[in-house]
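> Could you have a look at this structure, given as structure tokens, before my questions?
The values are calculated or read from the model by the stated rules, or taken from the named source; none is laboratory data. Computed from a predicted structure; not experimentally measured. Here the Cβ positions follow ideal geometry from the backbone for every residue, glycine too, while neighbour counts run over all protein chains shown. Keep in mind that these areas ignore ligands, DNA and RNA; they rest on the heavy atoms of the full protein, side chains included. Shrake-Rupley method; radii C 1.70, N 1.55, O 1.52, S 1.80 Å.
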Amino acid sequence: MKALLLIDIQNGFCPGGNLPVPDGDLVVPVANELIDSGKYDMIVASQDWHPAGHGSFASAHPGKKPFEIGTLSGKPQMMWPDHCVQNTEDAEFHADLHVDAVDFIQQKGQNPLVDSYSAFRDNDQAALTGLAAYLRDKGVTALDLCGLATDYCVKFSALDAVEMLPGVSVRFIEDASRGIDPAGVEAAIEEMRARGVAIIDSNDALA
């Protein structure tokens with residue numbers, strides 16, 4: 001049972017969004033090719049789904065600016081621009097993404113007191129989203145993942161997949177992903193590789 005996990009391919013992380021990843025929209029045609037390939041038994045997607053005033057937003061902390069380090073629930077927290085607020089256009093999937101083919105959508109980031117990079121659990125690792133249990137129940141044995149952004153939500157999702165889905169092979173599709181910071185992307189790829197995630201491109205996935 002082979003699954004494809006599309007991570008946060010939303011307007012907010014594409015050009016014109018509130019927290020755009022450079023060239024974030026370029027993952028969409030690659031993701032669509034993967035979706036339409038027939039190589040996967042199941043397509044799942046994560047969706048950043050923040051309440052207004054989420055604690056990771058700089059606007060929730062007087063005097064803080066986006067991309068400064070602040071604190072949230074007593075722990076260091078990157079302060080982000082307001083993004084992917086529930087029921088806004090910013091939170092919607094990119095219009096060109098073949099969402100109709102997605103079997104299951106896992107929303108995340110709904111607790112205002114903790115951020116959620118990973119599709120599998122909150123950053124404090126105290127609350128699970130339920131995605132790991134869903135994939136286990138479906139008998140998934142292989143998981144390919146891609147999306148936005150490589151150095152944040154994709155990386156943490158990949159690392160959690162390795163930890164929370166023992167026995168499942170996990171692969172990161174590099175050309176179907178984009179990151180915020182080039183150095184951060186390089187470090188993220190090395191960390192994923194060191195933890196047992198295979199680094200592939202879409203040609204490998206489609207072979």
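> Normalised radius of gyration for the chain, please: alpha carbon Rg relative to 2.2 N^0.38 Å, two decimal places.
0.95
> Further, regarding this structure: Between Ala198 and Thr141, what length comes free when the chain is fully extended (0.36 nm per residue of separation minus the Cα-Cα distance, one decimal in nm)?
19.1 nm
> Pro22: net charge of surrounding residues, Cβ under 12 Å, Lys/Arg +1, Asp/Glu -1, itself excluded?
-3
> What dipole magnitude, in Debye to the nearest 20, does segment 1-57 give about its Cα centre under +1 on Lys/Arg Cβ and -1 on Asp/Glu Cβ?
That gives a dipole near 120 debye.
> Could you name the aspartates and glutamates whose alpha carbon sits less than 19 Å from that of Lys64, not counting residues in the same chain fewer than 8 places away?
Cross-link targets: Asp82, Asp115.
> Quick one: Debye curve from the C-alpha atoms of segment 162-207, no solvent, what's log10 I(q)/I(0) at q = 0.25, 0.30 Å⁻¹?
For segment 162-207 at q = 0.25, 0.30 Å⁻¹, log10 I(q)/I(0) is -0.97, -1.12.
> Run the accessible area of segment 67-175 with a 1.4 Å probe and give the carbon-and-sulfur part as a rounded percent.
Here it works out to 50 percent.
> Oh, and also: Charges only on Cβ, +1 for Lys and Arg, -1 for Asp and Glu: so what's the dipole of segment 60-207 about the Cα centre, in debye to the nearest 20?
520
> Moving on. Quickly rank 30-37, 147-154, 200-207 as a protection proxy: mean count of other C-beta atoms within 10 Å, highest first.
Most protected by this proxy first, the peptides run 147-154, 30-37, 200-207.
> List, in the order given, every pair from Lys39/Lys155; Lys65/Lys108; Lys2/Lys75 whose Cα-Cα distance in the structure shown is over 32 Å.
Result: Lys2/Lys75 exceed 32 Å.
> Next question, about the same structure. Jot down the radius of gyration and Dmax of segment 1-98, Cα atoms only, both in angstrom.
15.6, 50
> Another one. Please report, in debye to the nearest 20, how large the charge dipole of segment 48-99 is about its Cα centre when each Lys and Arg carries +1 at its beta carbon and each Asp and Glu carries -1 there.
So the magnitude is around 420 debye.
> Taking only protein heavy atoms and a 1.4 Å probe, what accessible area per residue, in Å², does segment 1-50 have with all protein chains in place?
So segment 1-50 comes to 32 Å² accessible per residue, rounded to a whole number.
> Keeping all protein chains in place, calculate the accessible area per residue for segment 164-204 (probe 1.4 angstrom), answer in Å².
So segment 164-204 comes to 50 Å² accessible per residue, rounded to a whole number.
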